[in-house]
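Student: Pasting in a structure now, in structure tokens, and then I'll have a few things to ask.
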Amino acid sequence: MGSAEMTLLSDTTTRWAAGARSRYLRALPLTALVIDLTIMLVVGLVAIVGRRELAIFTASADVESTLTFAGPLMILGWVATIAVAGGYRTDVFGAGLDEYKRVFNASLLAAGLAGVGCYLANFSLSRGFFLMAFFLGVPALLTGRLVLRRAIQTARTRGVLRQRVLIAGSRSHVDEIAVVLRRESWLGYQVVGALTPEYDLSEETATGVPVVGNANEVTALAVVMDADVIFFAGGSIGASSQLRKALWDLERHNIQVVVAPSVSDISGERIKIRPVGGLPLIHIDPPTWTDASRWGKRTFDVVGSSALILAFTPLLVFAALGVWLHDRGPVFFHQTRIGRNGEEFACRKFRTMVVDAEARLTELHAQVGYTQGLFKMECDPRVTRPGRWLRRYSIDELPQLFNVLTGEMSLVGPRPPLPIEVEKYDDSASRRLHVRPGMTGLWQVSGRSDLPWDEAIRLDLYYVDNWSMLQDLSILGRTLGAVLGSRGAY
């Protein structure tokens with residue numbers, strides 16, 4: 001096959017892949033619509049049966065006859081309200097809270113409009129049906145969107161539903177964005193190339209992103225590379241007029257534009273965009289680690305740890321007996337860790353290793369070439385037979401609930417570091433000590449021992465700088481899945 005045929009075949013394959021990718025992405029709003037309609041119909045049937053059968057409604061009512069006309073109108077109005085609120089826009093699927101906010105707010109508006117409409121039209125709609133339909137329907141719709149999101153993220157992780165991305169900017173800025181997009185593969189961005197300033201003649205960036213051309217030729221190169229999205233990073237455009245011209249050109253080719261400022265690892269709650277004189281100024285609120293030390297989080301820790309201790313008492317007794325019966329050694333292992341503001345404390349765990357584990361540590365350090373961070377081996381020969389299942393499901397860490405109760409730790413926070421680790425901290429890593437260490441945290445739900453040291457530090461610093469109670473609740477919920485999945489537990 002000649003070069004011309006090869007080129008033609010490559011172009012045909014690229015166009016076919018682009019068409020298939022576009023069709024899949026365009027199908028997302030339709031998929032969400034079908035899911036929403038199905039949920040509304042099911043919830044409507046449940047509300048009809050519930051209104052008729054549940055004993056809490058004393059007066060009988062012929063709900064079906066009143067819904068012959070009102071039912072379809074309510075469903076169409078509900079769907080239309082979500083659509084007007086932007087709940088079916090392609091860019092809301094897959095990440096962020098915007099999708100859930102739009103569906104939730106639109107549902108409340110639809111309920112209000114339905115109630116007001118029935119009142120103004122003097123229509124006798126069953127109040128029991130109305131309450132059940134919306135009280136069940138709103139959580140059901142949000143759950144349906146959550147299931148769809150999980151499916152989208154899984155597909156993107158496996159290489160489907162991805163968007164081809166070109167990043168324009170200096171090599172250092174390109175690498176910053178490329179590293180994040182590669183790490184968070186569930187976002188669905190596939191980096192296919194970089195566009196650098198004219199003076200940069202390199203063939204690829206330090207992280208291996210190929211340089212496909214100059215940033216001032218962004219539109220032509222985006223078309224050639226079949227890009228879906230262009231990221232404008234630092235150093236990409238010299239003046240605002242150039243960016244505006246590029247936006248006009250890219251608009252003709254239906255290519256999305258994302259401007260990526262040099263701001264990373266900052267939660268959306270701390271970022272506010274306030275246009276002033278046509279300039280979209282980004283305001284960043286101070287880090288929130290001081291909020292993590294207040295009475296609200298401490299009260300949550302005391303109440304939560306007390307409840308968990310009571311709930312897990314049988315499991316604690318069973319685990320303690322298993323450790324002691326194995327070799328008649330100590331049940332608990334106390335290790336010095338560093339807590340808030342650099343204070344030392346004894347971290348409690350069920351003993352999962354042989355009695356002389358610490359004495360054999362130096363030999364294992366030399367064996368695996370240990371340099372820094374928390375030392376863990378996937379097949380550590382010091383782990384006992386009961387210790388394996390204790391570690392697999394993190395049961396060995398349950399005694400830390402008493403550390404939480406006494407105020408040395410928190411239910412959620414950075415991983416409690418060893419003194420030898422703290423000695424090697426630089427100024428940025430020392431920020432982890434601003435808050436109490438936690439039994440679980442972002443490091444726990446993101447891979448645990450599978451994470452490299454730098455990534456564990458980054459996650460802990462993100463938690464410290466962007467703390468919120470909602471984030472704590474989210475981490476606690478995700479911890480259950482991480483523990484049951486046993487990923488990174490050894």
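Student: Would you mention how many residues in the range 98-116 are farther than 24 Å from Glu269 by Cα and either in contact (Cβ under 8 Å) with a residue 40 or more places away in the chain or outside the structural domain of Gly71 (by TED's automatic domain parsing) (or both)? Give the steps one after another, and end with the answer.
Tutor: In the first step, residues of the range 98-116 are kept if they are farther than 24 Å from Glu269 by Cα; the result is 109-116.
Now restrict to residues that are either in contact (Cβ under 8 Å) with a residue 40 or more places away in the chain or outside the structural domain of Gly71 (by TED's automatic domain parsing) (or both): 114.
Qualifying residue count, the range 98-116: 1.
Student: Kindly list, by first and then second residue, each pair from a residue in the range 278-297 that is part of a loop (DSSP other than H, G, I, E, B) to a residue that is of a type in the set (Asp, Glu) and surrounded by 15 or more Cβ atoms within 10 Å (Cβ to Cβ), limited to pairs with Cβ atoms under 8 Å and residues at least 6 apart or on different chains.
Tutor: Within 8 Å, the pairs are Pro287/Asp465; Thr288/Asp465; Trp289/Asp465.
Student: Of all the strands (runs of 3 or more DSSP E) wholly in the range 155-243, which have at least 1 residues that are in contact with an Asp or Glu (Cβ under 7 Å, 6 or more places away or on another chain)?
Tutor: Fully inside the range 155-243 and qualifying: 163-168, 211-214.
Student: Oh, and also: Identify all residues within the range 244-262 that are of a type in the set (Val, Ile, Thr) and either buried (at least 19 other Cβ atoms within 10 Å of the Cβ) or assigned to a helix (DSSP H, G or I) (or both); write none if there are none.
Tutor: Ile255
Student: All but one of (1) crowded, with 18+ Cβ neighbours inside 10 Å; (2) in contact (Cβ under 8 Å) with a residue 40 or more places away in the chain; (3) assigned to a helix (DSSP H, G or I) hold for Phe134; state the number of the condition that does not hold.
Tutor: Among (1) crowded, with 18+ Cβ neighbours inside 10 Å; (2) in contact (Cβ under 8 Å) with a residue 40 or more places away in the chain; (3) assigned to a helix (DSSP H, G or I), the lone unmet condition for Phe134 is (2).
Student: Give Lys245, Lys297, Lys272 a once-over and let me know the one that is in the same structural domain as Trp467 (by TED's automatic domain parsing) and of a type in the set (D, E, K, R).
Tutor: Residue meeting the stated conditions: Lys297.
Student: Can you say whether Asp396 is touching a Lys or Arg at 6+ places or on another chain (Cβ under 6 Å) and either at pLDDT 85 or above or within 29 Å of Gln471 (Cα to Cα) (or both), as far as the supplied structure shows?
Tutor: yes
Student: Only one of these conditions is not met by Gly159: (1) free of Cβ contacts under 8 Å to residues at least 60 places away in the same chain; (2) buried (at least 19 other Cβ atoms within 10 Å of the Cβ). Which number is it?
Tutor: Among (1) free of Cβ contacts under 8 Å to residues at least 60 places away in the same chain; (2) buried (at least 19 other Cβ atoms within 10 Å of the Cβ), the lone unmet condition for Gly159 is (2).
Student: Shifting gears a bit: Just checking, does the range 263-276 include any residue being exposed (fewer than 12 other Cβ atoms within 10 Å of the Cβ), in contact (Cβ under 8 Å) with a residue 12 or more places away in the chain and assigned to a strand (DSSP E or B)?
Tutor: Within the range 263-276 (the criterion being exposed (fewer than 12 other Cβ atoms within 10 Å of the Cβ), in contact (Cβ under 8 Å) with a residue 12 or more places away in the chain and assigned to a strand (DSSP E or B)), the answer is yes, since at least one residue qualifies.
Student: Moving to a separate point now. Among the residues of the range 193-215, is there at least one that is touching a helix residue (DSSP H, G or I) at 6+ places or on another chain (Cβ under 6 Å), within 20 Å of Val174 (Cβ to Cβ), acidic (Asp, Glu) and surrounded by fewer than 19 Cβ atoms within 10 Å (Cβ to Cβ)?
Tutor: Among the residues of the range 193-215, not one is touching a helix residue (DSSP H, G or I) at 6+ places or on another chain (Cβ under 6 Å), within 20 Å of Val174 (Cβ to Cβ), acidic (Asp, Glu) and surrounded by fewer than 19 Cβ atoms within 10 Å (Cβ to Cβ), which makes the answer no.
Student: Follow-up. State whether one or more residues within the range 435-458 are at pLDDT 85 or above, among the small types (Gly, Ala, Ser) and within 28 Å of the chain's Cα centre (by Cα).
Tutor: Yes, that holds for at least one residue.
Student: A follow-up question, please. Among the candidates Gly407, Gly413, Gly441, single out the residue that is surrounded by fewer than 16 Cβ atoms within 10 Å (Cβ to Cβ) and in contact with a helix residue (DSSP H, G or I) (Cβ under 9 Å, 6 or more places away or on another chain).
Tutor: Testing whether each residue is surrounded by fewer than 16 Cβ atoms within 10 Å (Cβ to Cβ) and in contact with a helix residue (DSSP H, G or I) (Cβ under 9 Å, 6 or more places away or on another chain) leaves just Gly407.
Student: Read through the list (1) outside any helix (DSSP H, G or I); (2) at pLDDT 85 or above, then give the number of the only condition that Ile56 fails.
Tutor: All conditions are met except number (2).
Student: Continuing with this model, one more query. What is the residue count in the range 172-192 for residues that are surrounded by fewer than 19 Cβ atoms within 10 Å (Cβ to Cβ) and at pLDDT 90 or above?
Tutor: Going through the range 172-192 one residue at a time, the tally reaches 2.
Student: Moving on to the next point. Suppose we keep only residues that are out of contact with any helix residue (DSSP H, G or I) (no Cβ under 8 Å at 6 or more places or on another chain) and modelled with pLDDT of 90 or more within the range 105-128. Which one would you say is surrounded by the most Cβ atoms within 10 Å (Cβ to Cβ)?
Tutor: That would be Asn105.
The values are calculated or read from the model by the stated rules, or taken from the named source; none is laboratory data. What you see is a predicted model; the values in this text were computed from it and never measured. Counting neighbours? That spans all protein chains shown, and the Cβs are built from the backbone with ideal geometry, glycine included.
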